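Below: one structure, written as C-alpha coordinates.
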Amino acid sequence: MEQNISTGGSTAVLTAPAMRLRQVGVAFAGRTAVRNVTFNVDENKVTSLIGPSGSGKTTLLRSLNRLHDLTKTAVVTGDIYLRDLNVYGGDLPTTLLRSRIGMVFQRPNPFPTMSIYDNVVSGLRFNGIKDRALLDEAAESALISAALWDSVKGRLKAHASTLSGGEQQRLCIARALAVEPEVLLMDEPTSSLDPVSTQRIEELMTELKQRVTIVIVTHNMQQAARVSDNCAFLLMAEDRAGELIEFATTEKIFHNPDDPRTLDYIQGRFG
(Lines give C-alpha, C1' and ligand atoms only; values in the text may rest on other atoms or scores of the structure.)
Protein backbone atom coordinates (compact mmCIF):
# COMPACT_ATOMS: atom_id res chain seq x y z
CA MET A 1 0.00 0.00 0.00
CA GLU A 2 1.48 3.33 -1.07
CA GLN A 3 0.67 6.88 -0.05
CA ASN A 4 1.60 9.94 -2.10
CA ILE A 5 2.59 13.00 -0.08
CA SER A 6 3.31 16.33 -1.75
CA THR A 7 6.28 18.26 -0.35
CA GLY A 8 7.21 21.59 -1.90
CA GLY A 9 6.06 20.71 -5.39
CA SER A 10 7.49 17.17 -5.37
CA THR A 11 5.72 13.97 -4.46
CA ALA A 12 7.18 11.49 -2.01
CA VAL A 13 5.92 7.92 -2.04
CA LEU A 14 5.60 6.31 1.39
CA THR A 15 5.02 2.57 1.61
CA ALA A 16 2.88 1.40 4.51
CA PRO A 17 4.38 -1.47 6.52
CA ALA A 18 3.32 -4.99 5.61
CA MET A 19 2.92 -5.83 9.31
CA ARG A 20 2.84 -3.88 12.57
CA LEU A 21 3.63 -5.31 16.00
CA ARG A 22 2.50 -3.34 19.04
CA GLN A 23 3.42 -4.45 22.59
CA VAL A 24 3.32 -8.11 21.56
CA GLY A 25 3.77 -10.69 24.28
CA VAL A 26 3.60 -14.48 24.34
CA ALA A 27 3.16 -16.66 27.42
CA PHE A 28 2.91 -20.43 27.91
CA ALA A 29 1.03 -21.76 30.93
CA GLY A 30 1.43 -18.38 32.59
CA ARG A 31 5.19 -18.07 31.97
CA THR A 32 6.13 -15.11 29.80
CA ALA A 33 8.34 -16.06 26.86
CA VAL A 34 8.27 -12.77 24.94
CA ARG A 35 7.05 -9.36 26.06
CA ASN A 36 6.50 -5.81 24.85
CA VAL A 37 7.74 -6.19 21.27
CA THR A 38 6.95 -3.26 19.00
CA PHE A 39 8.24 -2.67 15.45
CA ASN A 40 7.08 -2.46 11.84
CA VAL A 41 7.81 -5.05 9.15
CA ASP A 42 8.57 -3.08 5.99
CA GLU A 43 6.98 -4.26 2.77
CA ASN A 44 9.23 -6.00 0.23
CA LYS A 45 12.11 -6.10 2.68
CA VAL A 46 13.81 -8.88 4.63
CA THR A 47 13.54 -8.43 8.39
CA SER A 48 15.75 -10.71 10.50
CA LEU A 49 15.14 -11.65 14.12
CA ILE A 50 18.48 -12.19 15.84
CA GLY A 51 19.57 -12.97 19.38
CA PRO A 52 20.86 -15.80 21.58
CA SER A 53 19.05 -19.12 21.96
CA GLY A 54 16.07 -18.75 24.25
CA SER A 55 15.51 -15.06 23.52
CA GLY A 56 12.12 -15.68 21.92
CA LYS A 57 12.86 -15.30 18.21
CA THR A 58 10.95 -18.35 17.01
CA THR A 59 8.21 -17.78 19.58
CA LEU A 60 7.71 -14.28 18.20
CA LEU A 61 7.85 -15.48 14.60
CA ARG A 62 5.19 -18.13 15.19
CA SER A 63 2.88 -15.54 16.73
CA LEU A 64 2.74 -13.63 13.45
CA ASN A 65 0.45 -16.15 11.77
CA ARG A 66 -1.19 -17.60 14.88
CA LEU A 67 0.71 -20.87 15.00
CA HIS A 68 0.48 -20.68 18.79
CA ASP A 69 -3.25 -21.33 18.41
CA LEU A 70 -2.16 -24.97 18.15
CA THR A 71 -0.81 -24.84 21.73
CA LYS A 72 -3.56 -24.83 24.36
CA THR A 73 -1.47 -23.09 27.03
CA ALA A 74 -0.29 -20.25 24.77
CA VAL A 75 -1.58 -16.71 25.19
CA VAL A 76 -0.63 -13.91 22.79
CA THR A 77 -1.19 -10.32 23.91
CA GLY A 78 -0.77 -6.96 22.22
CA ASP A 79 -1.63 -6.27 18.59
CA ILE A 80 -0.33 -7.73 15.35
CA TYR A 81 -1.60 -6.22 12.12
CA LEU A 82 -1.29 -7.50 8.56
CA ARG A 83 -1.79 -4.16 6.85
CA ASP A 84 -5.12 -3.08 8.40
CA LEU A 85 -6.18 -6.57 9.48
CA ASN A 86 -5.86 -7.39 13.17
CA VAL A 87 -4.34 -10.88 13.03
CA TYR A 88 -5.94 -11.81 16.36
CA GLY A 89 -9.18 -9.95 15.67
CA GLY A 90 -11.03 -13.07 14.58
CA ASP A 91 -12.19 -11.60 11.26
CA LEU A 92 -10.23 -14.09 9.15
CA PRO A 93 -10.09 -17.89 9.57
CA THR A 94 -6.59 -19.04 10.52
CA THR A 95 -6.35 -21.23 7.42
CA LEU A 96 -6.82 -18.20 5.18
CA LEU A 97 -4.55 -16.09 7.37
CA ARG A 98 -1.76 -18.64 6.91
CA SER A 99 -2.28 -18.41 3.16
CA ARG A 100 -1.53 -14.69 3.42
CA ILE A 101 1.32 -15.21 5.92
CA GLY A 102 3.18 -18.34 4.85
CA MET A 103 5.76 -20.29 6.86
CA VAL A 104 8.95 -22.18 6.04
CA PHE A 105 10.33 -24.19 8.95
CA GLN A 106 13.83 -24.94 10.20
CA ARG A 107 13.99 -28.37 8.61
CA PRO A 108 12.47 -29.14 5.21
CA ASN A 109 9.04 -30.67 5.78
CA PRO A 110 7.58 -31.69 2.43
CA PHE A 111 4.86 -34.32 2.48
CA PRO A 112 7.14 -37.30 1.76
CA THR A 113 4.54 -39.62 0.20
CA MET A 114 3.21 -36.88 -2.09
CA SER A 115 4.69 -36.05 -5.45
CA ILE A 116 6.64 -32.86 -6.04
CA TYR A 117 3.65 -31.46 -7.94
CA ASP A 118 1.12 -32.40 -5.27
CA ASN A 119 3.30 -30.81 -2.58
CA VAL A 120 3.35 -27.49 -4.39
CA VAL A 121 -0.40 -27.31 -5.03
CA SER A 122 -1.51 -28.80 -1.70
CA GLY A 123 -2.36 -25.40 -0.22
CA LEU A 124 -4.36 -24.40 -3.27
CA ARG A 125 -6.32 -27.63 -3.16
CA PHE A 126 -6.95 -27.13 0.55
CA ASN A 127 -8.41 -23.74 -0.33
CA GLY A 128 -10.79 -25.38 -2.79
CA ILE A 129 -9.07 -24.83 -6.13
CA LYS A 130 -9.62 -27.82 -8.40
CA ASP A 131 -9.09 -26.49 -11.92
CA ARG A 132 -6.13 -28.42 -13.32
CA ALA A 133 -4.99 -25.64 -15.61
CA LEU A 134 -4.85 -23.19 -12.70
CA LEU A 135 -3.01 -25.72 -10.55
CA ASP A 136 -0.50 -26.44 -13.33
CA GLU A 137 0.15 -22.75 -13.86
CA ALA A 138 0.55 -22.10 -10.13
CA ALA A 139 2.89 -25.07 -9.70
CA GLU A 140 5.16 -23.99 -12.53
CA SER A 141 5.20 -20.36 -11.39
CA ALA A 142 5.99 -21.30 -7.77
CA LEU A 143 8.73 -23.73 -8.75
CA ILE A 144 10.29 -21.13 -11.02
CA SER A 145 10.16 -18.58 -8.20
CA ALA A 146 11.82 -21.09 -5.87
CA ALA A 147 14.58 -21.76 -8.44
CA LEU A 148 13.56 -25.41 -8.67
CA TRP A 149 11.67 -25.69 -11.95
CA ASP A 150 14.61 -26.53 -14.22
CA SER A 151 15.71 -29.45 -12.06
CA VAL A 152 12.26 -31.00 -11.44
CA LYS A 153 10.09 -30.18 -14.46
CA GLY A 154 10.71 -33.61 -15.93
CA ARG A 155 9.87 -35.51 -12.74
CA LEU A 156 6.94 -33.70 -11.13
CA LYS A 157 5.31 -37.06 -10.30
CA ALA A 158 8.32 -38.24 -8.30
CA HIS A 159 8.04 -38.32 -4.52
CA ALA A 160 9.34 -35.25 -2.71
CA SER A 161 11.60 -37.58 -0.70
CA THR A 162 13.75 -38.09 -3.82
CA LEU A 163 14.98 -34.50 -3.63
CA SER A 164 18.12 -33.39 -1.81
CA GLY A 165 17.84 -31.44 1.45
CA GLY A 166 18.37 -28.11 -0.27
CA GLU A 167 15.86 -28.99 -2.98
CA GLN A 168 13.32 -30.08 -0.36
CA GLN A 169 13.63 -26.71 1.37
CA ARG A 170 13.11 -24.91 -1.93
CA LEU A 171 10.10 -27.16 -2.54
CA CYS A 172 8.69 -26.00 0.80
CA ILE A 173 9.28 -22.41 -0.28
CA ALA A 174 7.48 -23.14 -3.56
CA ARG A 175 4.59 -24.69 -1.62
CA ALA A 176 4.30 -21.51 0.45
CA LEU A 177 4.58 -19.25 -2.61
CA ALA A 178 1.91 -21.12 -4.59
CA VAL A 179 -0.89 -19.54 -2.54
CA GLU A 180 0.64 -16.10 -3.19
CA PRO A 181 1.26 -14.95 0.38
CA GLU A 182 1.92 -11.34 1.28
CA VAL A 183 4.44 -12.27 3.98
CA LEU A 184 6.74 -15.28 4.21
CA LEU A 185 8.05 -16.34 7.63
CA MET A 186 11.28 -18.37 7.64
CA ASP A 187 12.53 -20.07 10.81
CA GLU A 188 16.27 -20.69 10.36
CA PRO A 189 15.62 -22.07 6.86
CA THR A 190 19.26 -22.95 6.16
CA SER A 191 20.37 -24.34 9.53
CA SER A 192 20.26 -27.95 8.32
CA LEU A 193 21.67 -27.29 4.83
CA ASP A 194 25.15 -27.46 3.33
CA PRO A 195 26.96 -24.23 2.36
CA VAL A 196 26.03 -24.48 -1.34
CA SER A 197 22.33 -24.97 -0.58
CA THR A 198 22.51 -22.20 2.02
CA GLN A 199 23.92 -19.79 -0.54
CA ARG A 200 21.14 -20.64 -3.00
CA ILE A 201 18.44 -20.04 -0.39
CA GLU A 202 20.02 -16.71 0.53
CA GLU A 203 20.13 -15.67 -3.12
CA LEU A 204 16.53 -16.77 -3.42
CA MET A 205 15.46 -14.56 -0.51
CA THR A 206 17.04 -11.55 -2.21
CA GLU A 207 15.09 -12.33 -5.37
CA LEU A 208 11.82 -13.12 -3.60
CA LYS A 209 11.59 -9.90 -1.61
CA GLN A 210 10.59 -8.17 -4.83
CA ARG A 211 7.26 -9.97 -4.56
CA VAL A 212 6.85 -10.99 -0.91
CA THR A 213 7.83 -9.53 2.46
CA ILE A 214 10.14 -11.86 4.41
CA VAL A 215 10.73 -12.26 8.15
CA ILE A 216 13.55 -14.64 9.02
CA VAL A 217 14.94 -16.05 12.26
CA THR A 218 18.67 -16.70 12.05
CA HIS A 219 21.53 -17.43 14.44
CA ASN A 220 24.04 -16.74 11.67
CA MET A 221 25.20 -13.13 11.94
CA GLN A 222 26.88 -13.24 8.54
CA GLN A 223 23.61 -14.42 7.03
CA ALA A 224 21.64 -11.64 8.74
CA ALA A 225 24.13 -9.10 7.39
CA ARG A 226 23.94 -10.55 3.88
CA VAL A 227 20.21 -10.98 3.40
CA SER A 228 18.30 -8.62 5.68
CA ASP A 229 17.35 -4.98 5.33
CA ASN A 230 16.22 -4.57 8.95
CA CYS A 231 17.09 -6.39 12.17
CA ALA A 232 15.31 -6.94 15.46
CA PHE A 233 17.68 -7.93 18.28
CA LEU A 234 16.08 -9.86 21.15
CA LEU A 235 17.67 -10.80 24.45
CA MET A 236 16.55 -12.84 27.42
CA ALA A 237 15.86 -10.78 30.56
CA GLU A 238 16.64 -11.96 34.08
CA ASP A 239 13.19 -13.54 34.37
CA ARG A 240 13.92 -15.49 31.14
CA ALA A 241 11.45 -13.52 29.04
CA GLY A 242 12.57 -12.39 25.60
CA GLU A 243 12.71 -8.63 25.12
CA LEU A 244 13.30 -6.47 22.06
CA ILE A 245 16.55 -4.60 22.75
CA GLU A 246 16.85 -2.77 19.47
CA PHE A 247 15.25 -2.55 16.03
CA ALA A 248 16.91 -0.72 13.16
CA THR A 249 18.28 -1.11 9.67
CA THR A 250 20.79 -3.92 9.34
CA GLU A 251 23.47 -1.37 8.53
CA LYS A 252 22.88 0.44 11.82
CA ILE A 253 22.55 -2.71 13.91
CA PHE A 254 25.86 -4.07 12.65
CA HIS A 255 27.87 -0.86 12.54
CA ASN A 256 26.37 1.71 14.90
CA PRO A 257 23.84 0.16 17.32
CA ASP A 258 22.33 2.25 20.09
CA ASP A 259 22.63 -0.40 22.80
CA PRO A 260 26.06 -1.78 23.78
CA ARG A 261 24.53 -5.23 24.26
CA THR A 262 23.70 -5.32 20.56
CA LEU A 263 27.32 -4.70 19.62
CA ASP A 264 28.48 -7.32 22.15
CA TYR A 265 26.22 -9.92 20.54
CA ILE A 266 27.11 -8.97 16.96
CA GLN A 267 30.82 -9.26 17.81
CA GLY A 268 30.36 -12.61 19.55
CA ARG A 269 31.12 -11.52 23.09
CA PHE A 270 28.09 -13.45 24.34
CA GLY A 271 25.33 -15.63 22.94
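Brief remarks on what is shown
- So Phe247, is it aromatic (Phe, Trp, Tyr) and either outside any strand (DSSP E or B) or surrounded by fewer than 22 Cβ atoms within 10 Å (Cβ to Cβ) (or both): yes
- Search result, residues across the range 66-84 that are loosely packed, with under 10 Cβ neighbours inside 10 Å and either touching a helix residue (DSSP H, G or I) at 6+ places or on another chain (Cβ under 6 Å) or acidic (Asp, Glu) (or both): Asp84
Here's the yes/no breakdown for (1) hydrophobic (A, V, I, L, M, F, W, C); (2) exposed (fewer than 15 other Cβ atoms within 10 Å of the Cβ); (3) under 21 Å from Ala248 (Cβ atoms); (4) without any contact (Cβ under 8 Å) to a residue 24 or more places away in the chain:
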site	(1), (2), (3), (4)
Asn40	no, no, yes, yes
Gly56	no, no, yes, no
Leu64	yes, no, yes, no
Asn86	no, yes, no, yes
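- Among the residues of the range 70-106, just one is at pLDDT below 90, within 22 Å of Asn40 (Cα to Cα) and of a type in the set (Val, Ile, Thr), namely Thr94.
- Those residues of the range 15-30 which are touching a Phe, Trp or Tyr at 6+ places or on another chain (Cβ under 6 Å) and closer than 21 Å to Thr71 by Cβ, in sequence order: Leu21
- Residues (more than 21 Å from Ile214 (Cβ to Cβ) and in contact (Cβ under 8 Å) with a residue 12 or more places away in the chain) located in the range 125-139: Phe126, Asn127, Leu135, Ala139
- Residue within the range 122-139 that is touching a Gly at 6+ places or on another chain (Cβ under 9 Å), buried (at least 17 other Cβ atoms within 10 Å of the Cβ) and in a helix (DSSP H, G or I) present: yes
- Asp187 being within 24 Å of Thr213 (Cα to Cα) and touching a helix residue (DSSP H, G or I) at 6+ places or on another chain (Cβ under 8 Å): yes
- Inside the range 88-121, residues that are in a helix (DSSP H, G or I) and either without any contact (Cβ under 8 Å) to a residue 60 or more places away in the chain or surrounded by 21 or more Cβ atoms within 10 Å (Cβ to Cβ) (or both) make up a count of 12.
- Search result, residues across the range 208-227 that are assigned to a helix (DSSP H, G or I) and touching a residue at least 12 places away in the same chain (Cβ under 8 Å): Leu208, Met221, Gln223, Ala224, Ala225, Arg226, Val227
- Only one entry in Arg170, Arg155 is in a loop (DSSP other than H, G, I, E, B) and of a type in the set (Lys, Arg), namely Arg155.
- Some residue of the range 238-252 being among the hydrophobic types (A, V, I, L, M, F, W, C) and within 30 Å of Lys130 (Cα to Cα): no
- Some residue of the range 215-222 being more than 19 Å from Glu43 (Cα to Cα), buried (at least 19 other Cβ atoms within 10 Å of the Cβ), touching a Gly at 6+ places or on another chain (Cβ under 6 Å) and not aliphatic (A, V, I, L, M): no
- Residues that are out of contact with any Pro (no Cβ under 9 Å at 6 or more places or on another chain) and either hydrophobic (A, V, I, L, M, F, W, C) or closer than 23 Å to Ser55 by Cα (or both) were ranked within the range 196-212; the one that is surrounded by the most Cβ atoms within 10 Å (Cβ to Cβ) is Leu208.
- Filter result for Leu235 (in contact (Cβ under 8 Å) with a residue 40 or more places away in the chain and more than 23 Å from Ser53 (Cβ to Cβ)): no
- Within the range 231-244, the set of residues being surrounded by 22 or more Cβ atoms within 10 Å (Cβ to Cβ) and either within 18 Å of Lys45 (Cα to Cα) or at pLDDT below 90 (or both) comprises Cys231, Ala232, Phe233.
- Check on Leu143, free of Cβ contacts under 8 Å to residues at least 40 places away in the same chain and within 26 Å of Gly165 (Cβ to Cβ): yes
The values are calculated or read from the model by the stated rules, or taken from the named source; none is laboratory data. Predicted model, so just to flag it, every value in this text is computed and none were measured. Virtual Cβ from ideal backbone geometry, glycine too; neighbours counted across all protein chains shown.
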